[in-house]
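The values are calculated or read from the model by the stated rules, or taken from the named source; none is laboratory data. Just so it is clear, the model here is predicted, and its values are computed rather than measured. In this analysis, Cβ positions are derived from the backbone assuming ideal geometry, glycine residues included, and neighbour counts consider all displayed protein chains. Side chains are part of the model used for accessible areas, which takes the heavy atoms of the whole protein and leaves out ligands, DNA and RNA. Shrake-Rupley method; radii C 1.70, N 1.55, O 1.52, S 1.80 Å.
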Amino acid sequence: MAVAHETTTGIDAAPRQQSAFSRFWQQNGAGYMFLLPWLIGFFGLTLGPMVSSLYLSFTDFDLLTSPDWVGASNYVRMFTADPKFSTSMRVTMFFVIFSVPLKLAFALGVALLLNRGMKGLPLYRALFYLPSLLGASVAIAILWRQIFAGDGLVNKVLALFGIVGPSWISNPNYSLWTLIILSIWQFGSPMIIFLAGLRQIPQDMYEAASLDGASKWRQFWKITLPLLTPVVFFNAIIQTIEAFKSFTPAFIISGGTGNPINSTLFYTLYLYQEAFGFFRMGYASALAWVLLALVAFFTAFSFLTSKYWVHYDD
Amino acid sequence: MSTSIELRQLKKAYGDVEVIHGVDLSIAPGDFTVFVGPSGCGKSTLLRMIAGLEPITGGDLLIDGQRMNEVPAARRGIAMVFQSYALYPHMSVYQNLAFGLETAKMPKAEIATRVQRAAEILKIEPLLKRKPKQLSGGQRQRVAIGRAIVREPKIFLFDEPLSNLDAELRVAMRVEIAKLHNDLGNTMIYVTHDQVEAMTMADKIVVLRAGVIEQSGAPLDLYNNPRNLFVAGFIGSPKMNFLSVSADGDALRAGSHTFSVGRSVSGATTLGVRPEHITVVDGTGIHLADVKVDLVENLGGQTVVYATTTDGQPMTIVLEGQREVAPGTTVPIHVDPSKVHLFNAEGLAIR
């Protein structure tokens, strides 16, 4: 009996393996076929280039000749012998630290105003969202250059009050601030999310608080803001990543140079110069990976600290 | 100590739509008053107008004789328990209880004393460090009541506070709220759509429909002497039976059956009789009708009979104890004539 049993399983084993795959394909094949366009995109256009850029970051590569393996020397050079790296890092950090909180505060302020149940809300919402759609475009960057130029709109308005303004974009003291203002102006998308978050706070919380005698100011700090922290957290992460990646405005406004005196030399702009100005693809890849590590660090840090200040309902 | 409340021609309109149509009501100090009525009758709106959460369109609201129409909610000496509890989810139970007192800039030691005392009354001391999401429905309800107690208000308002609890807990909390009223002695107004809650808790019931008070008074007064068809049908469970009748001299005619109730029946078009006042088979009093038994529910302590009169009008009968009534049979029903309610064509009671 035992022999017969073994024989039976032995004979069955091979066809069962084959049919396992064909059964899997029958059940899931159509699904994978539908996924195929995305899978091609993900492996061909995202994961593939990422892996190859990681490899290239350890090489010397000028696009024309094949890459030479140089070990960690790109990274060593970055941190020890490249003053432009630290300049661009300083400019980007300054931009992130000022533009993100200011943009979020502005977005929240406008969302609070719109949340007061005013007439024509959908129209205002659309109007305020518009800059978010246009903001990162070349056209807006060109417009911005004209507004803040020496003979631009800002100075024309100031002239009405007898003030002679500088050329904001060509003065290293102000140039980065014009970019920060441009970034704040694109407050639409965090504003929409804040507005949705505000709508989620039950009205009776405010009613209970007003019966308790809490002023609007106290209601904002003690109820609105704490209950909005999940949305603040989300917006802060998204906007921080966006700010680190910011490129177009600085590129257009400074004409791709990061001037005056490297005051608008965003990290991404420096990366671009290295890659497509000097064809140092290996070094540019290393810069890209440092940026990724930096963004990952900020995001992880935010998540780790979130349990101390983000209040989830359940 | 206790506080009186008076509403004089109180009105509320949203734009052109008036939802509270000139309500007059006076609530004595220390009374437990229940606003009851079907959905959309305006009971919650009326409560929120008293609380100061809804602006008053017309008329006067007086608390202890002082006009309060424009006084902000926080200065009316009122605390309110919301249907949703409205606990602040990011604060601990202690912080929830202390919020109003901190807002009033009360010294920390005094806050601690008051919170502790409220927690003792409501038996929530072990929960003080927890967040609302870590509490059961009943515990949240207690915290919500605690938040009202700590402020030591003159008036407590409850807006359907038990409607989110299961049946068993609802009965338990009902008893506790009634006990709280006995202990504290404050004036309280309680809104519910559940007439059993109203009957069991109230010193005074106010029955509302479509923004108008249909009747107000002591629970048994409303039960025994409903002013109109609506109140008669709303108060009491199962609800009162209504038979279409016509007056025929001193007698009443229902279908082909004629009987007398021993008083004037002039103008009567509807006869009302409560299910618990009807007797079957061995009954005494007037012979009201013969009914065909459709369904019998044996609840142990009571037997509920659903039947139809010979001229097709539905009739619910509640009999004490466990009774043998066979579905499909036709039985005579009797009622004590003093328990019969008569209503005219406008739906008003004929006394």
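Can you tell me the FRET efficiency between A:TRP38 and B:GLN134 if r is taken as the Cβ-Cβ distance and R0 is 41 Å, rounded to the nearest 0.05? Show your work: numbers first, answer last.
Values: r = 41 Å, r/R0 = 1.01.
With a Förster radius of 41 Å, E is 0.50.
Find the sum over both chains of the accessible area lost when B and A are paired, probe 1.4 Å, and report it in Å² to the nearest 100. Kindly include the intermediate steps, with their values, before the conclusion.
Numbers: alone 16180 and 19070 Å², together 33440 Å².
So the total buried area for this chain pair works out to about 1800 Å².
Ignoring any ligand, DNA or RNA, what whole percent of the accessible area of chain B comes from carbon and sulfur when the probe is 1.4 angstrom?
Working: 7580 of 15290 Å².
Percent of accessible area from carbon and sulfur atoms in chain B: 50.
Which far-off residues, 5 or more places away or on another chain, put their amide H under 5 Å from the one on B:ASP294, with H placed in the peptide plane?
Excluding prolines and chain starts, which carry no amide H, the hits are B:TYR306, B:ALA307, B:THR308, B:GLY328.
Quantify, in whole percent, the carbon and sulfur part of the accessible surface of chain A (1.4 Å probe; protein heavy atoms only). Don't jump to the answer; show the numbers that get you there.
Details: 12740 of 18140 Å².
That fraction is 70 percent.
Going through region B:1-78, which GluC sites (Glu not before Pro) have at most 15 other Cβ atoms within 10 Å and a DSSP loop state?
Working: sites: B:GLU6, B:GLU18, B:GLU70; in loops: B:GLU70.
Filter output for region B:1-78: B:GLU70.
Can you give the FRET efficiency to the nearest 0.05 for A:PHE106 and A:VAL164, using r as the Cβ-Cβ distance and R₀ = 22 Å?
Working: r = 28 Å, r/R0 = 1.29.
The formula returns an efficiency of 0.20 here.
So how do A:TRP144, A:TRP25, A:TRP309 rank on accessible area, 1.4 Å probe, biggest first, that is with the largest at the start?
A:TRP25, A:TRP309, A:TRP144
How far is helix A:188-200 tilted, in degrees, relative to the longest principal axis of the Cα atoms in chain A, given as a value from 0 to 90 rounded to the nearest 10?
Long axis of A:188-200 versus the principal axis of chain A: about 80 degrees.
Hey, can you list the residues from region A:194-213 whose accessible area shrinks by 40 Å² or more with all protein chains present, relative to the chain by itself (probe 1.4 Å, no ligands or nucleic acids)?
Checking the loss per residue gives A:ASP204, A:MET205, A:GLU207, A:ALA208, A:LEU211, A:ASP212.
Where in region A:49-121 are there trypsin sites (Lys or Arg not before Pro) that are in a DSSP coil and have at most 16 other Cβ atoms within 10 angstrom of their Cβ?
On the way: sites: A:ARG77, A:LYS84, A:ARG90, A:LYS103, A:ARG116, A:LYS119; in loops: A:ARG116, A:LYS119.
Answer by residue number: A:ARG116, A:LYS119.
Obtain the nm distance between the two label points defined at B:ALA218 and B:GLU110 by a simple spin-label model: each point lies 7 Å from its Cα along the Cα-to-C-beta direction.
4.1 nm
Could you work out the Rg to Rh ratio of the protein assembly as shown, with Rh taken as the Kirkwood radius (inverse of the mean 1/r over all Cα pairs)?
On the Cα set of the protein assembly as shown, Rg over Rh gives 1.17.
Mark the label point 7 Å from the Cα of A:ARG90 along Cα→Cβ and return the residues of region A:255-290 whose backbone N is within less than 19 Å of it.
A:257-271
Let me confirm one metric for peptide B:84-97, namely the mean number of other chain beta-carbon atoms within 10 Å of its residues' beta-carbons. Before the final figure, lay out each step's value.
Values: counts 5, 2, 9, 3, 8, 10, 10, 4, 0, 0, 0, 1, 1, 0.
For this peptide, the per-residue mean of nearby foreign Cβ atoms is 4.
Rolling a 1.4 angstrom probe over the protein chains, ignoring ligands and nucleic acids, what is the accessible area of B:LYS179 in square angstrom, nearest 10?
Accessible area, nearest 10 Å²: 110 Å².
Hey, if we sort B:ASP282, B:ASP336 by accessible area with the 1.4 Å probe, largest down, what's the order? Don't skip to the end; give the middle numbers.
Details: B:ASP282 110, B:ASP336 70 Å².
Ranking B:ASP282, B:ASP336 by accessible area, largest first, yields B:ASP282, B:ASP336.
Mean separation of Cα pairs under 8 Å and 6+ residues apart, divided by the residue count of chain B: what relative contact order is that in percent?
Working: 735 pairs, mean separation 55.0, N = 351.
Reported as a whole number, the value is 16 percent.
Over region A:75-309, what portion of Cα pair distances is larger than 24 Å, expressed as a whole percent? Kindly include the intermediate steps, with their values, before the conclusion.
Working: 15018 of 27495 pairs.
Value for region A:75-309 (Cα pairs over 24 Å): 55 percent.
Calculate, in nm to one decimal, what A:ALA126 and A:TRP69 gain on full extension: separation in residues at 0.36 nm each, minus their alpha carbon distance. Working shown, then result.
Working: separation 57, 0.36 × 57 = 20.52 nm, distance 5.17 nm.
So the chain would gain 15.3 nm between A:ALA126 and A:TRP69.
What ratio of Cα Rg to 2.2 N^0.38 Å holds for chain B?
On the way: Rg = 24.2 Å, N = 351, 2.2 N^0.38 = 20.4 Å.
My calculation over the Cα atoms of chain B gives 1.19.
For the protein assembly as shown, give me the percentage of DSSP beta bridges that are antiparallel, rounded to the nearest 5 percent. Intermediate values should be presented prior to the final figure.
On the way: 62 of 80 bridges.
The antiparallel proportion sits near 80 percent.
Going by accessible area, probe 1.4 Å, with all protein chains left in place, what is the ranking of A:PHE233, A:PHE98, largest first?
Numbers: A:PHE233 15, A:PHE98 80 Å².
Correct descending sequence by accessible area is A:PHE98, A:PHE233.
Which of the lysines could be linked to B:LYS105 by a straight reach, that is with a Cα gap under 30 Å, when you skip same-chain ones fewer than 8 residues away?
Correct list for B:LYS105: A:LYS216, A:LYS222, A:LYS307, B:LYS123, B:LYS129, B:LYS131, B:LYS133, B:LYS154.
Size of the dipole of chain A about the Cα centre, Lys and Arg at +1 and Asp and Glu at -1 on the beta carbon, nothing else charged, in debye to 20? Before the final figure, lay out the partial values.
Details: 18 positive and 14 negative charges, 183 e Å.
With only Lys, Arg, Asp and Glu charged at Cβ, the dipole is about 880 debye.
Multiply the residue gap between A:ASP62 and A:PHE234 by 0.36 nm, knock off their C-alpha separation, and tell me the result in nm, one decimal place. Numbers along the way, then the final one.
Working: separation 172, 0.36 × 172 = 61.92 nm, distance 3.92 nm.
Answer, rounded to one decimal: 58.0 nm.
Taking 35 Å as R0, compute the FRET efficiency from the Cβ-Cβ separation of B:SER26 and B:SER264 and round it to 0.05. If you can, show how the numbers build up before the last one.
Details: r = 33 Å, r/R0 = 0.94.
The formula returns an efficiency of 0.60 here.
For the protein assembly as shown, what does the helix formula give at 222 nm: sum of -39500 (n - 2.57) over DSSP H segments with n ≥ 4, over the residue count, nearest 500 deg cm²/dmol? Spell out each step's value before the answer.
On the way: 23 runs with 306 residues, N = 665.
One gets -14500 deg cm²/dmol as the mean residue ellipticity at 222 nm.
Dipole of chain B, Cα-centred, from +1 at each Lys and Arg C-beta and -1 at each Asp and Glu C-beta, to the nearest 20 debye?
My answer is approximately 1520 debye.
Which loop-located GluC sites (Glu not before Pro) does region B:270-351 contain, where loop means any DSSP state but H, G, I, E or B and the Cβ has at most 12 other Cβ atoms within 10 Å? Don't jump to the answer; show the numbers that get you there.
On the way: sites: B:GLU276, B:GLU297, B:GLU320, B:GLU324, B:GLU346; in loops: B:GLU324, B:GLU346.
Of the GluC sites (Glu not before Pro), the ones in loops of region B:270-351 whose Cβ has at most 12 other Cβ atoms within 10 Å are B:GLU324, B:GLU346.
Taking the Cα centre of region B:173-311 as origin, sum charge times position over the Cβ atoms of Lys and Arg (+1) and Asp and Glu (-1), and report the length of that vector in debye to the nearest 20.
Working: 10 positive and 15 negative charges, 55 e Å.
That gives region B:173-311 a dipole magnitude of about 260 debye.
Label points 7 Å out from Cα along the Cβ direction at A:PHE301 and A:GLN27: separation in nm?
It works out to 4.6 nm between the two label points.
Just the Kirkwood number for region A:14-160, please: inverse of mean 1/r across all distinct Cα pairs, in Å, one decimal.
Working: mean 1/r = 0.0444 Å⁻¹.
Answer for region A:14-160: a Kirkwood hydrodynamic radius of 22.5 Å.
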